[in-house]
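Notes for the one structure printed next.
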Amino acid sequence: GMNNERYHSLEDIYHLVNKTSQEHPDMTKLILIGSSFEKNPLYVLKLSGRRGPVDKAMWMDCGIHAREWISPAFCIWFINYALTFYKEIPDITTLLDKMDIYILPVMNPDGYKYTWTTNRMWRKNRSVKEGSSCVGVDLNRNFDANWCTAGASSNPCSDIYCGQYPESEPEVQAVTKFLRSHKDSVKLYFSIHSYSQLLLFPYSYTLEQVPNHTELFELVQEASFKIRRHYRNIYRYGSGAKTIYLAPGGSDDWVYDQGIIYSFTFELQDRGRYGFLLPPNLINNACNEAFAGVKTIAMRVLEKL
Ligand code: 0X9
Ligand code: ZN
């Protein structure tokens, strides 16, 4: 239910997504975009309103980093919200009537599973390479965007290891392949992380500003104001490099340079009290305010397109 949330295991998430697609065949499509290093499937759920085809779409991925449990929880929450309140609440109805929404609930299923079984604080994927005893690549350092420069590490034992070469990881390959082939329709990109309460946009790989910096700044500023007014929580905002740190090889920067100029990374609750261990009773509030941010930006972008 929407009010006593809990975190879902990887098996639960597969089951939920599968069940949801079967219960809503008119509004959903389940798309297998690839598989992880350990051969777990990467499913994208496509959400559409009950209307004819449209040429605009939004993408949202969750769970790039294994330990950030609120992130997959938000993707699941979003799917439930959309299918429950389509034609009941104007915000989600407008979004689904005007664009298709592609949701990847867990981009790093191997790592996510590992945080449930073995190490709650695991961040990377679980790929192994001959000649190294350390496991995993940071998927948000493996995209082909100023790959492995300052802010990433070439040491396989580092938590921010960039991998052997750009897009070396199957999870990254699956996402880039899908987005390359849907470049014309996807206008809006969100990547959901935690924690720190930040609304970020490119670049993170350089301190230089993107051409539409002012436009993106105004979008995240408005989203932050809305969240503060409705939920009394503070979200800082700005370009990644200037707001937190230089970090190359990220999904948002790669997406931006592909021409998807409305590209965002959200860092959800909290600001450090619980960190990655956000208690289940706070999931709902975290998701409600994250949705307020996504909605604010998506509505504005729709007006511009
Ligand atoms: O460092 C990251 O990958 C993200 N922060 S996290 O604490 N969730 O690991 C921030 C990503 C910002 N965007 C890029 N670095 N491209
Ligand atoms: Zn993260």
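Structure notes:
- If the condition is being part of a loop (DSSP other than H, G, I, E, B) and within 19 Å of the chain's Cα centre (by Cα), then the stretch 112-125 contributes MET121, TRP122, ARG123, LYS124, ASN125.
- Near pairs, Cβ below 7 angstrom, 6+ apart or cross-chain, from the stretch 149-162 (in contact (Cβ under 8 Å) with a residue 60 or more places away in the chain) to any residue that is of a type in the set (Lys, Arg) and within 16 Å of ligand 2 (Cβ to nearest atom): ALA152/ARG141; ILE160/ARG141; CYS162/ARG141
- Screening ALA73 on (1) within 16 Å of ligand 1 (Cβ to nearest atom); (2) part of a loop (DSSP other than H, G, I, E, B); (3) out of contact with any strand residue (DSSP E or B) (no Cβ under 7 Å at 6 or more places or on another chain) shows it passes everything except condition (2).
- In the stretch 4-45, the qualifying residues are those that are out of contact with any helix residue (DSSP H, G or I) (no Cβ under 9 Å at 6 or more places or on another chain) and among the polar types (S, T, N, Q), and the one that is nearest to GLU167 (Cα to Cα) is ASN18.
- Test: TYR205 is surrounded by fewer than 22 Cβ atoms within 10 Å (Cβ to Cβ) and within 16 Å of ligand 1 (Cβ to nearest atom): no
- Checking ASN125, ASN146, ASN140 one by one, the residue that is touching an Asp or Glu at 6+ places or on another chain (Cβ under 8 Å), under 23 Å from VAL255 (Cα atoms) and within 14 Å of ligand 2 (Cβ to nearest atom) is ASN125 and no other.
- Sole exception among (1) assigned to a helix (DSSP H, G or I); (2) in contact with a helix residue (DSSP H, G or I) (Cβ under 7 Å, 6 or more places away or on another chain); (3) of a type in the set (S, T, N, Q) for THR93, by number: (2)
- Taken together, the residues in the stretch 93-111 that are more than 14 Å from the chain's Cα centre (by Cα) and either under 27 Å from ASN40 (Cβ atoms) or without any contact (Cβ under 8 Å) to a residue 60 or more places away in the chain (or both) amount to 5.
No lab work stands behind these numbers, since they all come straight from the coordinates. Just so we're clear, the structure is a prediction, and the values are computed from it rather than from any experiment. Don't worry about glycine lacking a Cβ; one is built from the backbone with ideal geometry, like all the others, and counts go over all protein chains shown.
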